[in-house]
Amino acid sequence: MRVYRRPVFPVEIFRDEQGDPIEYGNRWGGESPPEDTYSRVSNLQRFALLHAVAGALIEWLQNAFDVTVEETPSAAFDLLRVPDEVVRAVRVVPRESTMAPLTFVLTPFPGVYLHAGSLHDFHFPVCGCDACDDDVTSLAEELESTVRTVVSGGYSERFDPWPERWIEFQIDEPGVGMRRGRSRTEDLPDERVEAARTSLPPAGEWLPWQSLPPGEADAVN
């Protein structure tokens, strides 16, 4: 199977108002960030790496797995909450309905929204303000890990026991870590929730994607 490789970007140094290099991810040293940083977003260009990573992931999925790929603005409506502006939207669907589809939506921020399976969206970054102090390399790793876990069968979605007021997800990548979360079903579109009740696989566990045989993978390129 073809191996994913992250795009190589030149290392950029961003500086604060005093001219000192900013160490994103550790900017506030464990202290509370200044109040005005919650409403300030600076050095947006550093997030451009996320678009490049999303593009590389899409190419890898297309070349390594048995999928259909649709690049169309309408794919953005796979998201539960569609952003005001979209740069690119790509839906990647495995051949079997028991395997979780993925939709990549690139925004002008620049950021990446990832819709996985039936009822969950993941945002990279979630906010992006200076107070959040996002390290873009860490965001890229999280995006890659999320995609990798979905295609390897480590992703699940399930409703809580009756009365099913919550939809829960779990991302479990052995050797890397596990993440969980949940949303109230009443906060989601009714039609999407009802569709998920019948489309989710047994026990909510999405199966691994099917790799392309070597000959077919070579023919894709």
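The values are calculated or read from the model by the stated rules, or taken from the named source; none is laboratory data. This one's a predicted model, so the numbers in the text were calculated from it and none came from an experiment. Cβ coordinates were reconstructed from backbone atoms using ideal geometry, including for glycine residues, and neighbour counts include every protein chain displayed. Heads up: the accessible areas ignore ligands, DNA and RNA and are worked out on the full protein's heavy atoms, side chains in. Shrake-Rupley method; radii C 1.70, N 1.55, O 1.52, S 1.80 Å.
Values for this structure:
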read-out	value
Residues (touching a residue at least 40 places away in the same chain (Cβ under 8 Å) and open to solvent by 40 Å² or more (accessible area, probe 1.4 Å)) located in the range 122-136	D135
Wholly enclosed strands (runs of 3 or more DSSP E) of the range 13-114 bearing at least 2 residues without any contact (Cβ under 8 Å) to a residue 60 or more places away in the chain and touching a Pro at 6+ places or on another chain (Cβ under 6 Å)	88-94
Selection status of F14, under 23 Å from the mean Cα position of the chain (by Cα) and under 24 Å from C129 (Cβ atoms)	no
Test: residue in the range 131-139 that is of a type in the set (D, E), in contact with a Phe, Trp or Tyr (Cβ under 7 Å, 6 or more places away or on another chain) and within 18 Å of A52 (Cα to Cα)	yes
Exclusive hit being more than 29 Å from G153 (Cα to Cα) and of a type in the set (S, T, N, Q), set S74, S32	S32
Residue, farthest from G204 (Cα to Cα), within the range 137-150, restricted to residues that are out of contact with any helix residue (DSSP H, G or I) (no Cβ under 7 Å at 6 or more places or on another chain) and open to solvent by 10 Å² or more (accessible area, probe 1.4 Å)	T137
Filter result (among the aliphatic types (A, V, I, L, M), modelled with pLDDT of 85 or more and open to solvent by 90 Å² or more (accessible area, probe 1.4 Å)) within the range 7-25	V8, I13
Cβ pairs under 8 Å, 6+ apart, first in the range 145-160 and under 14 Å from H115 (Cβ atoms), second hydrophobic (A, V, I, L, M, F, W, C) and part of a helix (DSSP H, G or I)	V147/L57; V147/L61; E157/A196
Tally, over the range 158-215, of residues that are closer than 16 Å to T98 by Cα, open to solvent by less than 100 Å² (accessible area, probe 1.4 Å), outside any strand (DSSP E or B) and of a type outside the set (A, V, I, L, M)	7
Residue count for the range 81-100, restricted to those that are among the aliphatic types (A, V, I, L, M) and open to solvent by 30 Å² or more (accessible area, probe 1.4 Å)	4
